[in-house]
Amino acid sequence: MSFQELQSILSAIEPHYHSAERQQLRRILEHWIDLIGADLAAQAQPIAIQRNILEVATSSPVWTQTLVFKRLSILKQIRDRFAIDLSDIRFSTVQWRSQQNQPVIEGDLWQNHPSRLPVASQAVTQLTLLHDSRTAFERWSSLIQSRSQHLPLCPNCKSPTPPGELERWTVCSLCAARNA
């Protein structure tokens, strides 16, 4: 099955799968930068609509306060532009996922693990919620390619491999597991 076929199948069933609130959130996300501007959009992300209240995650309390002052204006724009009957907007830092909030594994186990890449070579990115599956796939694909571009290749499978794995097992972790 090609990617085009999969995309057409997903596009056909998507309207039936998502709730009305999910579809409304998607419409808001598509135009979020236009609604509040690029500077604010970098610090705030809509995450849900529950009981006609738009929930927006913010990067800090300062941005929460800034957006609270613009709340009525944003609410009016959403109502006028999309005919979505929201009763309010809530801003909170609780669910913010910043680029720096990558999962951290404590202790020497991860720090010395052969699969760990040096911090300088790790791409710091965040894939945003996208409405287009092709765009999401292309972003993910370019991210993976950029992360593995400078890695040495496994002698067995020729896939990019962290140097620590080659030092420890002389092959990538997948080939090492297969040979074990």
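Taken along its principal axes, the alpha carbon cloud of region 47-86 reaches lengths of 29, 19, 12 Å, longest axis first. At the residue level, Ser142 shows approximately 60 square angstrom of accessible surface with a 1.4 angstrom probe and all protein chains present. The candidates Thr64, Thr93, Thr58, arranged from most to least accessible area with a 1.4 Å probe in the full protein assembly, appear as Thr93, Thr64, Thr58.
Among Trp32, Trp140, Trp63, Trp96, the sequence by solvent-accessible area, most first, with a 1.4 Å probe is Trp140, Trp63, Trp96, Trp32. Take the Cα pairs of region 1-92, get the Kirkwood Rh, then feed it into Stokes-Einstein at 25 °C and 0.890 mPa s and tell me D in µm²/s. This corresponds to a translational diffusion coefficient of 172 µm²/s. Here the simple spin-label model places points 7 Å from the Cα toward Cβ, and for Leu143 and Ala41 these points are separated by 1.8 nm. As a calculated quantity, the FRET efficiency between Asn156 and Ser8 at R0 = 35 Å, using C-beta atoms, amounts to about 0.40.
Please find the FRET efficiency linking Ala136 to Ala83, where r is the Cβ-Cβ separation and R0 is fixed at 30 Å, and quote it to the nearest 0.05.
0.65
For the set His150, His31, the ranking by accessible area, highest first and with no ligand, DNA or RNA atoms included, is His150, His31 under a 1.4 Å probe.
The values are calculated or read from the model by the stated rules, or taken from the named source; none is laboratory data. This is a predicted model, so every value here is computed, not measured. All Cβ positions, glycine included, derive from the backbone under ideal geometry; neighbour counts span all protein chains shown. Only protein heavy atoms, including side chains, enter the accessible area calculation; ligands, DNA and RNA are left aside. Shrake-Rupley method; radii C 1.70, N 1.55, O 1.52, S 1.80 Å.
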